[in-house]
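Written out below as structure tokens is the structure these notes cover.
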Amino acid sequence: MTKNTKRYSINQLESIISGKWKISNGNAEIQYIAQDSRKIIDPESTLFFAMRGGRLDGHNYIQNLYLSGVRNFVLSQEEAIAGLSDVNYVVVGDSLRAMQKLAEYHRNKFDIPVIGITGSNGKTIVKEWCHQMLQEDYNICRSPKSYNSQLGVPLSVWSLNIDHTLGIFEAGISEPDEMDKLQKIIRPNIGVFTTIGSAHGENFIHETHKIKEKLKLFLKADYLIYCADLSSVHQNIRQVFGNKSELSSTPTLLSWGQNKESKYQIVEEKREANSTQILLRHNGDISRFKIPFTDVSSIQNAIQCIVLLLHLKYDADIINVRLEKLQRVAMRLEQKAGINHSTIINDSYNSDIDSLRIALDFMQQQKYKQNKTVILSDILQSGMAGVDLYKAVNDLLLQNGVNRFVAIGPHLTSHQAIFKPENYSGGVYFYKESKQFIQQIQEDDYGQETILIKGARSFEFENISAVLEEKAHATVLEIDLNALVHNLKVFQSRLSPNTKLMVMVKAFAYGASAIEVATLLEFHQVDYFAVAYTDEGVALRRAGIKTPIMVLNPEERSFGAIIKYKLEPEIYSFDLYHKFSKAVELSDFDGAFPVHIDIDTGMKRLGFEAEDIDQLIALCKSDKNLKVVSVFSHLAGSDEEHLDEFTQEQILRFKNVSDQFTEVLGGGILRHISNSGGIERFPEANFDMVRLGIGLYGYSGKWQNELQTVTRLKTSISQIKRVKKGESIGYGRKGRADKDTKIATIAIGYADGLNRLLSNGLGEVYVRGQRAPIIGNICMDMAMIDVGSVPDIKVGDSVEIFGENIHVAELAAKLNTIPYEVFTAVSERVKRVFFVD
């Protein structure tokens, strides 16, 4: 949901958005636009765009939105609004296109410089660094986070208001012709092209095709900044913009690089311990710049910003002062365990009204903690008057149900009258600096709540986070929630809209922590969860999960909890059926209790056999205590091609048996047999529902290139030693140095989930951009690695056990096992840290 301080009357919108209008209230004014029914802040001034995409349809939520107070809609199905009175709406062919046209109109109201950024990588970092370096001189409107899509760009541009003096927006595309629309919405005066890579390449003929599609963003720009050392980019830019006779206007090319044709030529580049010195020649003058980074990507991104500021007539000395303050961009929110069973959402890297809105929206998703605390610093360089700014902050806090507010900074303190204590059940507290707040923190004051920590870098809120975080050792399992949602959508896109989705969150959600994963997936409206045991389901219910939950291994002693928490058991034998039916009969449950019937089609684990089916169906038909909501089975080898014939036999057996159930018991019974491998390889077996497990976490056979890494097991270096040739390392003296070398002790052992079979060179880790072998036997809490060939290694360096650089499948293959075992072996003593962009 995006806010604009300018209000549009409904009559103005009628002239902007073409379609079939019906206006009941001509006095309505619109300030917000939204396409997500879960993110409505001010219903009365919101224009809701009902969009259809994949398995979700915004039209299905119009009735609930009406009940919440929304009265203005853009939709493509008029019947969705039938029966609703006093509403304004327009029927259009495409709701997304209507939003884009509205954003395009809004952009044309502003005659300010706008910077447009595109490329395969680095868009968000360049945008944020441009903001860091220019915010002292401009009131900037910029894309929140990575809002660069067909939907994200219009939402970003809608935030433009009359107080802004500069816009910085990024644009990303995944298909041809998409940039034509984004160009009209952003309409940049200055363009920046970052890099070209393989991301989203599947819909383009070749690299040249993709570059030329991206370059459409700059067709009407005045200037274009790019790296001439990227030969394919340089050649295509020269080709597209070199022939001025074919274009009404072309941008002036501000190329940079070591290429001698560059307008800004790098004549020297020298890397030091923690920085990089470059000499840049332009128009005969040479300037020296010190970039506070040494990695190639950061250097390239920083030079894009340097060239931009030089073009804007900034002096080299001023640019160097601002480079010195340049901070790495936090690309994601961090969620981690806090003291006294609290949850910490750490966004202590920036503070502006748009990113606060995003952080509060993420906080709202963590509904398993009722109490909410926000610790916020002064918002700097907002461009808004202090009173207006902090009234907007107060409104956001109250709209998102914040119980306690801790404000840090002189500006917030001077506006404390805005934040009425009676509106915050947990109180309102003001401090002029972070140190003052840290000194008075009492651990007992915080617990059983969600705490959002959000502040400008200068307030050093990382120190607050360190105090409130649960203390744990250096090994962490990072869970990328954006990647999880991406993978969910990959699988959903392959399913019929009528096929339901059950997600397996058993075994601590494959080691990723079931509550956090289930909370996110419920927000994204999956249909079912499955757990192995009752206590897992009870924990989800206690955390506020409402989605139906199937229990795969119901035990007789847990029947009471199953009934109390409305969990749905798998029934796999007559004995279990009769016992659970009796338990329901003796309980105070009103009606027939939902159960899932497991059919053994060849797995030979649990389930009813073929000869049981007639008796079972008769029993289900006569029993008034239980109601069959699904019939299912398990594929034994859906991911193994040599077992395809057996898999087909299982599918046929299941179809025949499940048909018997539906014929006798009637429709409405869900049928499911496909797991992740089945979804990929046997779409004909999707039936009414599928069960997604390991695929959600980024492991797949057929679709591996489309999935993203979700979990990364990381640790750090505790100590570095020099060892001489022939010296032994570790227990049993199993490790031997075959030459003089260096070893590093890392803070992970087999008690954390680092399998001891990886000892003595079988296993490797990833550190400082390269692999290092494990040397000696892995200990309970530590392991040693050979870092003799790793440059610049130091204590505290991050070490990847598995993740993007060492895939879990590779690790599993070395252990002669499966990725499931690697994931679930990560000990619960390893802290889980959740990230979201």
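The values are calculated or read from the model by the stated rules, or taken from the named source; none is laboratory data. On a predicted model such as this, the values are computed, not experimentally measured, just so you know. All Cβ positions, even for glycine, are placed from backbone atoms using ideal geometry, and neighbour counts span all protein chains on display. We work out accessible area using only protein heavy atoms, side chains counted, and drop any ligands, DNA or RNA first. Shrake-Rupley method; radii C 1.70, N 1.55, O 1.52, S 1.80 Å.
Cβ-Cβ below 6 Å, separation at least six or inter-chain, first residue in segment 448-462 and under 20 Å from Gly426 (Cα atoms) and modelled with pLDDT of 85 or more, second open to solvent by 10 Å² or more (accessible area, probe 1.4 Å) and assigned to a helix (DSSP H, G or I): which pairs?
That search, which allows pairs on different chains as well, returns Gln448/His341.
Tell me the residue from Gly678, Gly637 that is surrounded by 19 or more Cβ atoms within 10 Å (Cβ to Cβ), small (Gly, Ala, Ser), more than 26 Å from Ile563 (Cα to Cα) and in contact with a Leu (Cβ under 7 Å, 6 or more places away or on another chain), please. Spell out the reasoning first.
Values: Gly637 fails: surrounded by 19 or more Cβ atoms within 10 Å (Cβ to Cβ).
None of the others qualify; the one that does is Gly678.
Looking at His642, His578, can you tell me which residue is farther than 30 Å from Lys702 by Cα and open to solvent by 10 Å² or more (accessible area, probe 1.4 Å)? Let's see the steps before the verdict.
Values: His642 fails: farther than 30 Å from Lys702 by Cα.
Residue meeting the stated conditions: His578.
Assess whether Ser622 counts as being out of contact with any Leu (no Cβ under 9 Å at 6 or more places or on another chain) and of a type in the set (Ser, Thr, Tyr).
Details: out of contact with any Leu (no Cβ under 9 Å at 6 or more places or on another chain): yes; of a type in the set (Ser, Thr, Tyr): yes.
It is true that Ser622 is out of contact with any Leu (no Cβ under 9 Å at 6 or more places or on another chain) and of a type in the set (Ser, Thr, Tyr).
In contact with a Lys or Arg (Cβ under 6 Å, 6 or more places away or on another chain), in contact (Cβ under 8 Å) with a residue 40 or more places away in the chain, closer than 28 Å to Ser342 by Cα and assigned to a strand (DSSP E or B): does that describe Val833? Steps first, please.
Values: in contact with a Lys or Arg (Cβ under 6 Å, 6 or more places away or on another chain): yes; in contact (Cβ under 8 Å) with a residue 40 or more places away in the chain: yes; closer than 28 Å to Ser342 by Cα: yes; assigned to a strand (DSSP E or B): yes.
Criteria met by Val833.
Looking at segment 501-521, can you tell me whether even one residue there is of a type in the set (Ser, Thr, Tyr), in a helix (DSSP H, G or I), at pLDDT below 95 and open to solvent by less than 10 Å² (accessible area, probe 1.4 Å)? It would help to see each step written out before you state the result.
Of all residues in segment 501-521, those of a type in the set (Ser, Thr, Tyr) come to 510, 513, 519.
Right, trim to in a helix (DSSP H, G or I) and you get 510, 519.
Cutting the leftovers down to at pLDDT below 95 gives us 510, 519.
Still in the running and open to solvent by less than 10 Å² (accessible area, probe 1.4 Å): 519.
Scanning segment 501-521 turns up at least one residue that is of a type in the set (Ser, Thr, Tyr), in a helix (DSSP H, G or I), at pLDDT below 95 and open to solvent by less than 10 Å² (accessible area, probe 1.4 Å).
Suppose we filter segment 804-824 for residues that are in contact with a strand residue (DSSP E or B) (Cβ under 8 Å, 6 or more places away or on another chain), open to solvent by 30 Å² or more (accessible area, probe 1.4 Å) and among the aromatic types (Phe, Trp, Tyr); how many remain?
Residues that pass the stated criteria total 0.
Please specify each residue of segment 744-777 satisfying the condition of being farther than 16 Å from Leu713 by Cα and crowded, with 23+ Cβ neighbours inside 10 Å.
Ala744, Ser759, Ile775, Gly776
When you check Arg722 against the structure, is it surrounded by fewer than 20 Cβ atoms within 10 Å (Cβ to Cβ) and at positive phi, yes or no? Steps first, please.
Details: surrounded by fewer than 20 Cβ atoms within 10 Å (Cβ to Cβ): yes; at positive phi: no.
Spelling it out, it is not the case that Arg722 is surrounded by fewer than 20 Cβ atoms within 10 Å (Cβ to Cβ) and at positive phi.
Every residue, every condition in (1) free of Cβ contacts under 8 Å to residues at least 40 places away in the same chain; (2) touching a Leu at 6+ places or on another chain (Cβ under 9 Å), yes or no:
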{"position": "Cys227", "(1), (2)": "no, no"}
{"position": "Gly257", "(1), (2)": "yes, yes"}
{"position": "Arg271", "(1), (2)": "yes, no"}
{"position": "Phe293", "(1), (2)": "yes, yes"}
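Being polar (S, T, N, Q) and either open to solvent by 30 Å² or more (accessible area, probe 1.4 Å) or modelled with pLDDT of 95 or more (or both) is the filter here, so list the residues in segment 414-434 that pass it.
Residues of segment 414-434 that are polar (S, T, N, Q), as a first pass: 414, 416, 423, 425, 434.
Matches in segment 414-434: Ser414, Gln416, Asn423, Ser425.
If you take the residues of segment 82-102 that are open to solvent by less than 10 Å² (accessible area, probe 1.4 Å) and in contact with a Leu (Cβ under 8 Å, 6 or more places away or on another chain), which of them is farthest from Ser149 (Cα to Cα)?
Taking the candidates together, the pick is Val90.
Kindly check whether there is at least one residue in segment 44-53 that is of a type in the set (A, V, I, L, M), out of contact with any strand residue (DSSP E or B) (no Cβ under 7 Å at 6 or more places or on another chain) and open to solvent by less than 70 Å² (accessible area, probe 1.4 Å).
Our first condition is that a residue be of a type in the set (A, V, I, L, M); within segment 44-53, this holds for 47, 50-51.
From what is left, the residues that are out of contact with any strand residue (DSSP E or B) (no Cβ under 7 Å at 6 or more places or on another chain) are 51.
From the residues that got through so far, the ones that are open to solvent by less than 70 Å² (accessible area, probe 1.4 Å) too are 51.
Within segment 44-53, one or more residues are of a type in the set (A, V, I, L, M), out of contact with any strand residue (DSSP E or B) (no Cβ under 7 Å at 6 or more places or on another chain) and open to solvent by less than 70 Å² (accessible area, probe 1.4 Å).
Determine, yes or no, whether Gly677 is among the small types (Gly, Ala, Ser) and without any contact (Cβ under 8 Å) to a residue 24 or more places away in the chain. Explain how you work it out, then say what you get.
Details: among the small types (Gly, Ala, Ser): yes; without any contact (Cβ under 8 Å) to a residue 24 or more places away in the chain: no.
Here the answer is no, as Gly677 does not meet what is asked.
Give just the number: which of (1) outside any helix (DSSP H, G or I); (2) open to solvent by less than 20 Å² (accessible area, probe 1.4 Å); (3) at pLDDT below 95 does Leu380 not satisfy?
The one condition Leu380 does not meet is (2).
Considering only segment 533-565, how many residues are more than 20 Å from Val517 (Cα to Cα) and surrounded by fewer than 17 Cβ atoms within 10 Å (Cβ to Cβ)?
6
So, Thr208, is that one touching a residue at least 40 places away in the same chain (Cβ under 8 Å) and not basic (Lys, Arg) or not?
So Thr208 fails the test.
Given (1) in a helix (DSSP H, G or I); (2) open to solvent by less than 20 Å² (accessible area, probe 1.4 Å); (3) β-branched (Val, Ile, Thr), where does Ile479 come up short, assuming only one miss?
The failed condition is (1).
Kindly indicate whether Leu279 is open to solvent by 10 Å² or more (accessible area, probe 1.4 Å) and touching a strand residue (DSSP E or B) at 6+ places or on another chain (Cβ under 9 Å).
Working: open to solvent by 10 Å² or more (accessible area, probe 1.4 Å): yes; touching a strand residue (DSSP E or B) at 6+ places or on another chain (Cβ under 9 Å): yes.
Spelling it out, Leu279 is indeed open to solvent by 10 Å² or more (accessible area, probe 1.4 Å) and touching a strand residue (DSSP E or B) at 6+ places or on another chain (Cβ under 9 Å).
Of all residues being more than 28 Å from Arg357 (Cα to Cα) and touching a strand residue (DSSP E or B) at 6+ places or on another chain (Cβ under 6 Å) in segment 463-475, which is modelled with the highest pLDDT? Just the residue, please.
Filtering segment 463-475 down to residues more than 28 Å from Arg357 (Cα to Cα) leaves 471-475.
Narrowing further to those that are touching a strand residue (DSSP E or B) at 6+ places or on another chain (Cβ under 6 Å): 472, 474-475.
Details: Ala472: 61, Ala474: 76, Thr475: 90.
Looking at the filtered set, the residue picked out is Thr475.
May I ask you to list the residues in segment 440-461 that are of a type in the set (S, T, N, Q) and buried (at least 20 other Cβ atoms within 10 Å of the Cβ)?
Of segment 440-461, the ones of a type in the set (S, T, N, Q) are 440, 442, 448, 450, 458.
Of everything in segment 440-461, just one residue is of a type in the set (S, T, N, Q) and buried (at least 20 other Cβ atoms within 10 Å of the Cβ), namely Thr450.
Looking only at segment 31-43, filter to residues that are closer than 17 Å to Val87 by Cα and of a type in the set (A, V, I, L, M); which one of those is surrounded by the fewest Cβ atoms within 10 Å (Cβ to Cβ)?
Ile40
What do you reckon, is Phe437 modelled with pLDDT of 95 or more and either open to solvent by less than 30 Å² (accessible area, probe 1.4 Å) or part of a helix (DSSP H, G or I) (or both)? Explain how you work it out, then say what you get.
Working: modelled with pLDDT of 95 or more: no; either open to solvent by less than 30 Å² (accessible area, probe 1.4 Å) or part of a helix (DSSP H, G or I) (or both): yes.
Judged against the criteria, Phe437 is not a match.
How about segment 656-738: which strands (runs of 3 or more DSSP E) wholly inside it have at least 1 residues that are more than 24 Å from Leu501 (Cβ to Cβ) and among the hydroxyl-bearing types (Ser, Thr, Tyr)? So that I can check it myself, show each step before the final result.
Values: elements: 670-672, 689-692, 711-723.
Qualifying strands (runs of 3 or more DSSP E): 711-723.
Just checking, how many residues over segment 295-324 are open to solvent by 60 Å² or more (accessible area, probe 1.4 Å), without any contact (Cβ under 8 Å) to a residue 60 or more places away in the chain and at negative phi?
Number of matching residues: 6.
For segment 66-79, check the following and say yes or no: at least one residue is open to solvent by 10 Å² or more (accessible area, probe 1.4 Å), in contact with a His (Cβ under 9 Å, 6 or more places away or on another chain) and farther than 21 Å from Gln100 by Cβ. Break it down stepwise before answering.
Restricting attention to segment 66-79, the residues satisfying the condition of being open to solvent by 10 Å² or more (accessible area, probe 1.4 Å) are 66-69, 71, 76-79.
With the extra rule that they be in contact with a His (Cβ under 9 Å, 6 or more places away or on another chain), the set shrinks to 76-77, 79.
Of the ones still in play, those that are also farther than 21 Å from Gln100 by Cβ are 79.
Looking through segment 66-79, at least one residue is open to solvent by 10 Å² or more (accessible area, probe 1.4 Å), in contact with a His (Cβ under 9 Å, 6 or more places away or on another chain) and farther than 21 Å from Gln100 by Cβ.
Can you tell me which of Ile112, Ile117 is outside any strand (DSSP E or B) and either at pLDDT below 95 or in contact with a Ser or Thr (Cβ under 9 Å, 6 or more places away or on another chain) (or both)?
Values: Ile117 fails: outside any strand (DSSP E or B).
Within the list Ile112, Ile117, the selection yields Ile112.
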